[in-house]
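To start, the structure itself, in structure tokens.
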């Protein structure tokens, strides 16, 4: 019974977290119009959420070590949902950005704690299943949240879209609060900073780890840039799509759900260093295909890019965990930090490319980031061994 309720709780947490995190992405064109912004300024509604999330990950993890996992996750989900509801009634761009910044900080308490909570409360045989449901929830939540916001915003305005997703987040938070079992495996602890420093030192000496973090930074930056500006591009001539139609593009995320699992299994059989360049090349091919005239080619290109990105992310994140050994929690925190900083920093810089050359500029910029990722993947084949655990 406990395992079943934990599965429900983690699914709800995953759904809510990424629905709330990216709620403003499909309505960036409406925000730009209503607040008289250019496209780069509008993209701050994403960047100023993912950036604070990145910085809050480590702090939230340390806080959960002292106060408990369940309580930190409950507080995070309720705070982010309430703030999202509040953001629907703000009257100025500055207040909207402030609310998005606070939402990012609040949400840091879920991804940084989820794995530890599951490891402590699930039986050994159920950990993979429960974490699989959480990861599935993050993908589905990110997709459904974007689609839902865009449809509601198209008919009732972006404020109604944010209010709807905030209400859905509150419902998910209530479900998590009801279903999440009380912590039984948790033991509060104060951190020995010498041991933390030692773990960081081991990770810094790993020849591959820093490059895997660079991969997270570059590939996520390219991916979020594509989706940030696809809406602007498709609402222009010759496409002239409605916000609802643009929002439907996020259904392509289902391709990412399938590709991450498929490439993960392939990498387990053939080796991470061997397989990693394949989804990265697929990502690049998809970006280039969006330049071919016609909506069908654009959608297929976006689908290929999405499948390639999630496949590469799946391999890179598991690669980090494998190499880190006993330091995997610290390594994962740094990986997620660079992952979300890529979204925040490189996603914002993408606005300069859009301002200079429109969609061609976005393709050139995102393509360059992925090419850098490909070069790094070639280098990683030469530094795959030894791992942090083997040197320790």
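Among the residues that make up the range 127-148, is at least one of them at pLDDT below 95, in the same structural domain as residue 11 (by TED's automatic domain parsing) and assigned to a loop (DSSP other than H, G, I, E, B)? No, the range 127-148 contains no residue that is at pLDDT below 95, in the same structural domain as residue 11 (by TED's automatic domain parsing) and assigned to a loop (DSSP other than H, G, I, E, B).
Entry remark, the range 231-254: residues being buried (at least 16 other Cβ atoms within 10 Å of the Cβ), in a loop (DSSP other than H, G, I, E, B) and free of Cβ contacts under 8 Å to residues at least 60 places away in the same chain number 1 in total.
The values are calculated or read from the model by the stated rules, or taken from the named source; none is laboratory data. Keep in mind the model is a prediction, meaning the values are calculated, not measured. A quick note on method: Cβ atoms are made from the backbone with ideal geometry, for glycine too, and the neighbour counts reach across all protein chains shown.
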